[in-house]
1. Output the Kirkwood hydrodynamic radius of segment 22-83, Cα pairs only, in Å rounded to one decimal.
2. With each run of n ≥ 4 DSSP H residues scored as -39500 (n - 2.57), what mean residue ellipticity at 222 nm is computed for the chain after dividing by its residue count and rounding to the nearest 500 deg cm²/dmol?
3. Taking just the C-alpha trace of segment 477-556, give me its Rg and Dmax in Å.
4. Return the sequence-ordered ³J(HN,Hα) values of segment 477-483 in whole Hz as given by the Karplus equation 6.51 cos²θ - 1.76 cosθ + 1.60 applied to θ = phi - 60°, using x for Gly and Pro.
5. Once the Cα atoms of helix 133-151 and of the chain are each reduced to a long axis, what angle between those two axes, in degrees from 0 to 90 to the nearest 10, is obtained?
6. How high is the FRET efficiency between Q3 and K540 when r is their beta carbon distance and R₀ equals 56 Å, given to the nearest 0.05?
7. Leaving out ligands and nucleic acids, and using a 1.4 Å probe, what accessible area per residue does the chain come to in Å²?
8. Based on the alpha carbons, how large is the Rg to Rh ratio for segment 278-388 when Rh follows Kirkwood?
Amino acid sequence: MIQAIVFFPLLGFLIAGLLGRVIGARASEIATTGLMLAAAVFSWVTFVNVGYGGGGKVHMIASWIRSGSFEVDWALRVDTLTAVMLVVVNSVSALVHLYSIGYMHEDPSRPRFFAYLSLFTFAMLMLVTSDNLVQMFFGWEGVGLASYLLIGFWYDRPTAVAASMKAFIVNRVGDFGFAFGIFVIFVLTGTVEFEALFGKIAMLQGVKVDFLGIDWDALTIICLLLFIGAMGKSAQFLLHTWLPDAMEGPTPVSALIHAATMVTAGVFMVARLSPLFEAAPAALTVVVVVGATTAFFAATVGLVQNDIKRVIAYSTCSQLGYMFVALGSGAYGAGIFHLFTHAFFKALLFLGAGSVIHAMHHEQDIRKMGGLAGKIPFTTTMMAIGTLALTGFPLTAGYFSKDAIIEAAFASKNAAQTYAFILLVAAAFMTSFYSWRLFFLTFTGKPRWGHAAEVHHDHDHHGHGHDDHGHAHGAHEPHEAPFVMLLPLLLLSIGALIAGLVFAPAFIGESYDHFWKGALFTGEHNHILHEMHDVPGWVKYSPFVMMILGFLLAFLFYVAKPHLPRELAESQPILYRFLLNKWYFDEIYDFIFVNPAKAIGRFLWKEGDGRVIDGLGPDGVAARVTNIAAGAVKLQTGYLYHYAFAMLIGLAVFVTWYMFGGAH
């Protein structure tokens, strides 16, 4: 069964990619979607069998690499952590495939799109089923390649091409750290296989490695290098800039990348290597600091974004920060639980946003919406459910997982626990505010589309990733999406409502040990799961209070007194611009890295390659030969007396040489 789960998406990719032009778009859609639905069903069966049954095992596929002492097998590791990821990846991917049948129905390149979706899913499955670091890196890079193809799917749009390149390059920065970490692990332990590596952790305790003339703790430097890879893939602070620009891809791509697959790869990797990270407390502190900073930073930027997809994208970035705080605090079950629940409500929000964009004929600016609740009531309901789950409304999915992380941050013995707790609580308030801001501006109030009054807010001119298929904005009345797009919303809403309630006992409750079966670190000194349930009452209620305050403030600003946001922005122009421009990270990176790199490249191109290498090399030689040939051509005049004179000169030279030199 596990082979079918992993290779069905690959089969779908091959069918749509190689035969798409032959069998047509409809057959490509049906083949890829059918195979993904089958993989999703098998994933749920595996999840129940492994998590609630007798556990998993390693399935050997083939011997892969043999080079001296370096040996790597191709094997599928199926334990509870894998089973959870299989459910998340395949369930969301299958619903995205189904949704895309309706959303992409006008696009002429549907076979290519569905082939890319299936390739993306296969790469992610290779990552989560890996039994060693090299196999994980293969899936890691495959996800990066597929995301590049999907983000830049509309390659005739310069913004999409730039966004895909940005995602690819920023991820390479993180991947360098990941690869370097794998090299160090093999040099020090002689293995890249997980079980063998975990068995040698004690051997690494106290070992020092020399780097840049400084002796570093081996475990700390290994974990930090691996975490750099996780920062890139999961868009953590400093390596986050690619994530919002990824909105240039079609909306189903946004749901797939941001909800279940690519961005959760870093979280999964840290969880998979939890025994390694647990032995490096300094690295865990870095994980907590970076995660908490990301959660706060992304939430602040989300407050003022106006593109419906970018608001949700920054929400994803913020929630990933929560997950890393949980992992850094030792609450690995809580981190993966939030990954699990987040997949449902974030995919729901993205696909719901796609339904809104479809209804608005590809308009994405929430300031040009309003009053849509009466036009698209089903989508409005689905978005409300997703918003409730994201903000942590009691008994929804987010309530159980996000609150558990905040409690774990408070109870943690990590050096950065106070910093993390304060920032996560602040982020919870901002999450509630910007989520309800999006909902109120989109679905309530007077219509601001069509011939309605224009919005007078200060516009964000930094680009909206419009899913523009050539429709005029506001050309028709908003309308509900087709059934094939609404069914995935309904199914995801069920997960957003009950996933937390149903699975909390297994992920973070009394069934923890039986459910995880050692797939996550559960050392004797790791009491965080018990301590997080014994935190003071005010800690438990703080996320709920923040959620209510955020809702009330959003209601005041965008329903009761809609003139207040503009007045506040005008009274605080520096802060407003700072947040609107995303803390100016893009501008800073352009100044420090991008522009100098372009200048160096241009210099090497024009001066080094053009003037020196080509000038003295191929072009120079060719030019000299041409000049000599041109001079030689002038000797061929066609006059007999010229040739006779040349012969006479030659004879004189020969006689002179013979007389003065040849005689000797």
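The values are calculated or read from the model by the stated rules, or taken from the named source; none is laboratory data. Since the model is a prediction, treat every value here as computed from it, not as a measurement. Note: ideal-geometry Cβ built from the backbone for every residue, glycine included; neighbour counts use all protein chains shown. All accessible areas refer to the heavy atoms of the entire protein, side chains included, with ligands and DNA or RNA removed. Shrake-Rupley method; radii C 1.70, N 1.55, O 1.52, S 1.80 Å.
1. 14.4
2. One gets -21500 deg cm²/dmol as the mean residue ellipticity at 222 nm.
3. Both quantities, over Cα of segment 477-556: 19.2, 62 Å.
4. With the stated coefficients, segment 477-483 comes to 5, x, 9, 6, 6, x, 4 Hz.
5. 90
6. The value I calculate is 0.80.
7. 41
8. Computed over Cα atoms, the ratio is 1.09.
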